[in-house]
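Working notes, beginning with the structure itself.
Nothing in this text is a laboratory measurement; each read-out follows from the coordinates by a stated rule. No experiment lies behind these values; they were computed from the predicted model shown. Reconstructed Cβ throughout: ideal geometry from the backbone, glycine too, with neighbour counts over all protein chains shown.
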Amino acid sequence: MIKFSGFFVCLLPLLALAQSDVTWYDYYTAGGRTSGLIPASKDGFLLNGKPFHIISGAVHYFRIHPTQWRDRLRKLRAVGANTVETYMPWNLHEPRRGDYDFSEGQNDFSSFLNVTAFVEMAQEEDLFVILRPGPFICSEWEFGGLPSWLLRDPDMKVRTSYPGYLQVADDYLTQVFSRVVNFQFQKGDGPIIAFQVENEYGAFGVRDEPRDTEYLIHLRDKMIALGATEMFFTSDTPTKNADLGAVPGELQTANFQNNADPEFDALDILQPDKPYMVAEFWSGWFDHWGQGYHGGSSLEEFSYTLERIFTRNSSVNFYMFIGGTSFGFMNGANQLPVFPFYAADISSYDYDAPLTEAGDYTDKYYAAKDLIAQFNRVPNIYMPALPVESVKTAYPEIQTTEHLKLEDLLLQLPSSLVIQSDNLLAMEDLPINNDNGQSYGYILYRNSATLTGGSHTIQTIGHVRDLAVLMLDQQRLTSDWKNDAQLNNFGFWPLPNRTFDFNAEKGDATYVVDLLVENMARNNFGPPSYFYQKRGLPEGPVLLDNEEVVGWTIFPLEFTSAWIRSLTNWNNSPAPPSTVNSPTLTKATLSISGDPTDTFITTVGWGDGNRGVVFVNGFNIGRYSGIGPTKTLYIPAPLLNRGDNTILVWSLFEPVTTITFSDQLDLGLPIQP
């Protein structure tokens, strides 16, 4: 259980202010609270009756270890901000229908989910709060924050007025507001000053076709019924989506990376008497596997755009201020209209933001600090000193000492998770986890086939979702992923009905045919057609020599922390013999004599086409892939212990036997070649 220091203890640094300096809360609550945040006029917002220029930064509590929240919030406050913004991921807070987790659960992310503690901490650090509860959040997060169990309903229409969706969305919002309602500015003397309704709903459609505005109104009204008293707003890119995602009567805001003036001009047409707010000033950008470079924006573009925002008298929220990490299997993905039609995000959500993934200062931070000070409207506001950066250590290289092959792992799955089915089942349709299906990880489809010696052909009808490895008698047949040209082949997602030819080399016999499929992530953005997101082999049967294969044993490999920590019967060697070509989990021990520090695992040398996941003391720190662009995985110091630490590396293609650490982040080339 993570404990947080009390309000007054945390305010001690603020109590030592010079008499001429005041905190944001001193200034905006002097004389008591009589009104909240109001989009008063083109001149700007009012907070408690005083002019208020929102300077906010996105800090996602679920992407940062809880013991590091305060450091990140203090760095946000030190840049000159007065507000922090965060999304709330429904799929973490309700991992199974009706099973809610706001830090009370025993799930992998439970300790990250105390949103009320985060909100309280923001107030302790002299920051107001903008809360974006969804239900959909995009955020380059798995399925845009939607829980995968929604897809078990064959008629499900997410993000609409479909009754089956509204019921569970309402139930979720009820749980959210039961926890946050008394942390509002006008109710409970809390820090929350605004709520977003849904997220970028104008993009949830095709061209200028009408959106389901009644759905948005329903969400707004539901939040009011649950006790919301603060300002509502929506966010979109006005030049692209106009007011298609707007709620009548509520503030519309803008999302963009550059070209600020056309967006403000569009807002002038949509709401001529309302103040400007950039709900998402994209401080950089996210990365996809295989794109070949680390995306973002230049310091010059960032600075120029921020200056234009302030010159136009606009409030701003830096998206992101710090991106953090999409730990576990929680990275998002984008469905695309052109080849390869889909691209999964990397685990790092560094975003080229003012603070790095590990919380270090960048040139963008200092540029933002200077511009905020230049355009500050409130004199004599206390400006805290910049917190020191965390220590980073390149720990000594370690070697693996034990391993488990895929078959060893399958033997340790609980029998209740192993499913017999005549037909293929998607992850979401498996009758496991109290009929919530499988959300994340890998799924293995196994069939025993009687084959004659010689050549055979296997075919997957429809698309693979998302990457499949074919094995025959536990020996991998398909190749690793090294280049885009391979994406036309069997086992990859872009093209349907791919085939693979193989030889039954032991002659007439029964062979074990395995298809191991990785869910690389569900889509998190786009029109309704992009949200049919079942994973595994959801579209059709498998044919073997043009005959449909029936009779499957299905193994869901969820790689939960609890299961990872329970694994036994390790083979006492660094990796399988070279004659064994199987996905493998290798194990090493990192010994730390002093207090642990932040560090990075470097994946260089693990194979140009290799791919997998790394676990630190049972916690999934993210995916790696030789296809790039990222070459490191971040390990926050709180995940490490003084003494021995267990590092596990799951590899689809080549067992990893050497683990090297670095004291520097390496996300690939800084710009597109």
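Look at where the Cα atoms of region 277-293 and of region 145-217 average out, and the two centres are 24 Å apart.
Where does the charge balance sit around TRP289 when Lys and Arg score +1, Asp and Glu -1, over other residues with C-beta under 14 Å from its C-beta? Value of the local net charge: -4.
Each DSSP beta bridge with both residues in region 7-374 is either parallel or antiparallel, and the antiparallel ones are about 30%. Residues LEU425, LEU543, LEU411 in ascending order of nearby Cβ atoms (within 10 Å, fewest first): LEU411, LEU543, LEU425. Across all C-alpha atoms in region 514-673, the radius of gyration and Dmax reach 18.6, 61 Å.
Between LEU299, MET121, ILE137, the Cα set farthest toward the positive side of the dipole of region 7-374 (charges on each charged residue's Cβ, about the Cα centre) is that of MET121. Dipole orientation for the chain: of the candidates PHE341, GLN474, LEU406, LEU406 has the Cα lying most toward the positive pole (charges on Cβ; Lys, Arg +1; Asp, Glu -1). The residues neighbouring SER314, those whose beta-carbon lies less than 13 Å from its own, together hold a net charge of -2 under the Lys/Arg +1, Asp/Glu -1 convention. Restricting attention to the chain, close to 70% of DSSP beta bridges with both partner residues there are antiparallel.
For LYS482, the aspartates and glutamates whose Cα comes closer than 18 Å to its Cα, not counting residues fewer than 8 places off in the same chain, are ASP287, ASP345, ASP466, GLU518, ASP608, GLU654. Here the relative contact order of region 7-374, from alpha carbon pairs under 8 Å that lie six or more residues apart, stands at 17 percent. Here the residues ARG465, ARG377, ARG476, ranked from fewest to most Cβ neighbours within 10 Å of their Cβ, fall in the order ARG377, ARG476, ARG465. If you plug the beta carbon distance of ILE461 and THR174 into 1/(1 + (r/R0)^6) with R0 = 41 Å, you get a FRET efficiency near 0.45.
Taking other Cβ atoms within 10 Å as a rough exposure proxy, MET520, MET88, MET330 sort from fewest to most as MET520, MET88, MET330. Contact order, relative form, for the chain: 15 percent (alpha carbon pairs under 8 Å, 6 or more residues apart, mean separation divided by residue count). Give the distance, in whole Å, between the Cα centre of region 336-398 and the Cα centre of region 49-127. Using only Cα atoms to place each centre, the spacing works out to 16 Å. Taking Cα centre as origin and charging only the Cβ of basic (Lys, Arg, +1) and acidic (Asp, Glu, -1) residues, the dipole magnitude of the chain rounds to 920 debye. As a test of the formula, what do you get for the chain when each DSSP H run with n ≥ 4 contributes -39,500 (n - 2.57) and the sum is divided by the residue count, at 222 nm and rounded to the nearest 500 deg cm²/dmol? -5000 deg cm²/dmol, from helical runs alone.
Once Cα Rg over 2.2 N^0.38 Å is calculated for the structure shown, the corresponding label among (1) 0.98; (2) 1.21; (3) 1.39 turns out to be (1).
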